[in-house]
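K.L.:
So that we are looking at the same thing, I have put the structure below in structure tokens.
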Amino acid sequence: MTGRLNGSTAIVTGGAKGIGRTTVEMFLAEGARVCAFDIEAPGSVSVAEMRAAVAASGDRFVYSRVDVTSEADVARGVEEAIDSLGGIDILVNNAGKGPDPTPIEDLSLADWDATLRLNLTSAFLCTRAVIPHMKRRGSGRIINLSSQAGRSKSEVSNLPYASAKSAVLGFTRNLAHEVGPFGISVNAVAPGVTLTGRVADKLARRADREALAEAIPLRRFGGARDIAGAILFLASPDAAYVTGATIDVNGGRTMM
């Protein structure tokens, strides 16, 4: 088959649901071989549904149960992905979420640490594991998921999540400078409010949902395909000369 990612190999973290799953499906549709990392058990409903959705991809799709906050799990998952796919050209650091909004005086150290570990440290661990392989190949694409909360403020965010997603932007810029000479680009995507299952459930409980949408110039919340489309662009040959950049995908809610 032909596509923008024909012949490329990719790891997508948090790939069983939401933006990650949609990214997996779009990458496969564009000809890539993809390994999805997620903490979901292989027999879970989420993974079963994902496998069914990508069934036509055959041996171009691999699922690996990986805790991206575990150094050992990440190292194992990356090696298994390389063995299965024949190399790694693209890494999408998508895994992440945060606790419900909590005043700082009520925020536990455990929640703070867990949120930074999932949203920031995971990107470091996965990136560190793939960089040697990309250097040997002389090319690579790393795409980190930040957030509108990391750029400005999000109505559905919280302090540790926003802090981690802000740090992802600094990680992206500095890493882009470090690995650019090896032919590796590093970019970020910063979604606004995106109607994946978890966020949609939160918004359904809010009386001001319509007012939140009215504050967005495009007058709607984003969907997973809106975000995955930007990720696909950064992974594609069209973005060959883009590095250290952040693409805001928020309907104009935050303009930088």
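K.L.:
Of these, T115, T102, which one is surrounded by fewer than 17 Cβ atoms within 10 Å (Cβ to Cβ) and under 25 Å from T194 (Cα atoms)?
P.N.:
Within the list T115, T102, the selection yields T102.
K.L.:
When the stretch 130-161 is examined, which residues are found to be in contact (Cβ under 8 Å) with a residue 24 or more places away in the chain and assigned to a helix (DSSP H, G or I)?
P.N.:
Correct list: V130, I131, H133, M134, K135, R137, Q148, G150, R151, L159, P160, Y161.
K.L.:
Which pairs do you get when a residue that is free of Cβ contacts under 8 Å to residues at least 24 places away in the same chain, found in the stretch 175-195, comes within reach of a residue that is buried (at least 23 other Cβ atoms within 10 Å of the Cβ), reach meaning Cβ atoms under 6 angstrom, with the pair 6+ apart or on two chains?
P.N.:
Partner pairs satisfying both residue conditions: none exist.
K.L.:
Just to verify a result, which residue in the stretch 88-114, among those that are of a type outside the set (D, E), more than 27 Å from S185 (Cβ to Cβ) and outside any loop (DSSP other than H, G, I, E, B), is farthest from the chain's Cα centre (by Cα)?
P.N.:
If we take residues in the stretch 88-114 being of a type outside the set (D, E), more than 27 Å from S185 (Cβ to Cβ) and outside any loop (DSSP other than H, G, I, E, B), then I104 is farthest from the chain's Cα centre (by Cα).
K.L.:
Tell me, which residue of the stretch 220-256 that is hydroxyl-bearing (S, T, Y) and in contact with a strand residue (DSSP E or B) (Cβ under 7 Å, 6 or more places away or on another chain) is farthest from S185 (Cα to Cα)?
P.N.:
Among them, the one singled out is T254.
K.L.:
If you don't mind, there's one more thing I want to ask. Given the criterion under 14 Å from the mean Cα position of the chain (by Cα) and either closer than 25 Å to G223 by Cα or touching a residue at least 40 places away in the same chain (Cβ under 8 Å) (or both), identify the matching residue among V68, V47.
P.N.:
The unique qualifying residue is V68.
K.L.:
Any residue in the stretch 54-61 that is of a type in the set (G, A, S), touching a Phe, Trp or Tyr at 6+ places or on another chain (Cβ under 9 Å) and within 19 Å of S8 (Cβ to Cβ)?
P.N.:
Residues of the stretch 54-61 of a type in the set (G, A, S): 55-58.
Then drop every residue that is not touching a Phe, Trp or Tyr at 6+ places or on another chain (Cβ under 9 Å), which leaves 55.
Checking the rest, the ones that are also within 19 Å of S8 (Cβ to Cβ) come to none.
Within the stretch 54-61 (the criterion being of a type in the set (G, A, S), touching a Phe, Trp or Tyr at 6+ places or on another chain (Cβ under 9 Å) and within 19 Å of S8 (Cβ to Cβ)), the answer is no, since none of the residues qualifies.
K.L.:
Then there is this: Which residues, taken from the stretch 122-156, are within 30 Å of A215 (Cα to Cα) and within 12 Å of the chain's Cα centre (by Cα)?
P.N.:
If the condition is that a residue be within 30 Å of A215 (Cα to Cα) and within 12 Å of the chain's Cα centre (by Cα), then I143, N144, L145, S146, S147 are the ones that fit.
K.L.:
Let me ask something additional. So the check is Cβ under 8 Å with 6+ separation or different chains; which pairs have a first residue in the stretch 222-241 that's free of Cβ contacts under 8 Å to residues at least 24 places away in the same chain and a second one that's aliphatic (A, V, I, L, M) and part of a helix (DSSP H, G or I)?
P.N.:
Close Cβ pairs (under 8 Å, with a partner that is aliphatic (A, V, I, L, M) and part of a helix (DSSP H, G or I)) amount to F233/A239.
Laboratory data are not the source of any read-out in this text; all were calculated from the coordinates shown. As the structure is a prediction and not an experimental result, all values here were calculated from the model. Cβ: placed from backbone, ideal geometry, glycine included. Neighbour counts: every protein chain shown.
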